[in-house]
Every structure is written in C-alpha cells, then in structure tokens.
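Derivation of every value follows stated rules applied to the coordinates shown; laboratory data play no part. A quick note: this is a predicted structure, and the numbers were derived from the prediction, not measured. Every residue, glycine as well, gets a Cβ built from its backbone with ideal geometry; the counts of neighbours run over all protein chains shown.
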Amino acid sequence: MKNISLFLNIALLIAVILLYVDRFSGNKKTSSSDVKNDSAANTKIAYIRLDSLMNNYDFYNDLKTEFMEKQKNHEGNLSTKSKALERRMMEYQDKTEKGLVTRAQAQKLAEEIQLEQQNLLAMRDRLQMDLAQEEQAMSKRISDSIAIFVKDFNKDKKYDYILNFAPGATMFFATETANITDAVIKSLNKRYNSANPKKK
C-alpha cells in the first residue's frame, strides 16, 4: 500500500514538473482556438452592391433592353389580335341585333369568335411562359457571368470571401473600404465591351 502511494506521488511530481516546464519554457504551442482566432482576424472580406452592379453592368442592361423589346412586341401583337377580336364581336352583335344573319350563321359566327378567343388566350399564355423562361435564362446568364468574373477577379486570392450586399440581404453593416462594387463594374464592363463592341 505504501509503495502505491509513493509511486503515485512520484508520478504526480513528474507531471507537475512537465507542465511547469511546458508552460514557462517559452515554447508556447498554439491551441486550435488560437489558430481559429488568428485565421478569423486575417480573413479578408469584400462585398459587391448588387443593385449598383445591375444598374451599371452593360451586359445586364443590353439583355434587359432586348428582353423589354421582345415583351413590347409580344404585347403589341396580342393587343392587335385582341382589338381585331373585339371588332368581330361587335360586328357579330350588330348583325344579330339587326337580324342581318340567320340563326345558323349567327351560331357559326359565335363558334368562330369563341375559337378565336380561346386561341388568343392560349397564345397569351404561351407568350407569357416563353417570356418567363427567357427571363429566367437571362438571369442565369447574368449570374453566371458575374460569378465567373468574380472568381477571375480574385485569382490572386486577395479576398477569402466576396459577398453580395443587396437590399433586404442579411448583412446589416459593411464598411466602405470592403466595397469593391465600382472596381467590379469597371472591370466587368471593360471585359464585356471589348468582346462586344457597340455598333455606331
């Protein structure tokens, strides 16, 4: 029993000496929390104001203009067909009220107008679906363009994170020194305009 007690005391003494030497010898080992704190302090973060980027990105503005023109053309086409259908309906009503057509002719005209109305509604739905798909594809092209550019922009690993700072985003505050929006817009437009020279 005495030997066990002696042995435990010697082991404890050796452990205390080792801890003392380790702690005060100057060879401090960094703990994992120290490494995490150092890496967090050295993390470089930048952000891009997405609303400013979109307002000033020539590629986005060109695609948006094309899209708006297509939308306007579709709406004009639908409006023309809708007005033509309204005229037909008024003519039909006028003819039936004045008794200028037989019942069989009136029924045939009513069926034709109903079919034309169904076709017009189907055309409207198809055009809306086409525009929605085109808008989605346009958004993907723009998003991919920006993502690819930002990777290239950061090829020197200057930043650990480049965030999107948009209205309604969850980032509540960011200093202006971390704002790289203007540099990104300038570089994006330079790249886009050199690949797509404007027609004069």
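Data overview
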| quantity | calculated |
| --- | --- |
| Pick from segment 61-88, criterion aliphatic (A, V, I, L, M) and free of Cβ contacts under 8 Å to residues at least 24 places away in the same chain, ranking: nearest to residue 117 (Cα to Cα) | 84 |
| Filtered residue count, segment 166-200, keeping only those that are under 17 Å from residue 56 (Cβ atoms) and in a loop (DSSP other than H, G, I, E, B) | 5 |
| Among the candidates 116, 134, 91, 112, residue that is touching a residue at least 40 places away in the same chain (Cβ under 8 Å) and in a helix (DSSP H, G or I) | 134 |
| Residue that is farther than 30 Å from residue 195 by Cβ and surrounded by 13 or more Cβ atoms within 10 Å (Cβ to Cβ), where the choices are 110, 122, 84 | 110 |
| Lone qualifier among 139, 145 - being under 14 Å from the mean Cα position of the chain (by Cα) and surrounded by fewer than 13 Cβ atoms within 10 Å (Cβ to Cβ) | 139 |
| Hits in segment 173-200 (condition: among the hydrophobic types (A, V, I, L, M, F, W, C) and under 19 Å from the mean Cα position of the chain (by Cα)) | 180, 184, 185, 188 |
| Selected residue (only one of 112, 176, 91 is closer than 30 Å to residue 47 by Cβ and either out of contact with any Leu (no Cβ under 6 Å at 6 or more places or on another chain) or of a type in the set (Lys, Arg) (or both)) | 176 |
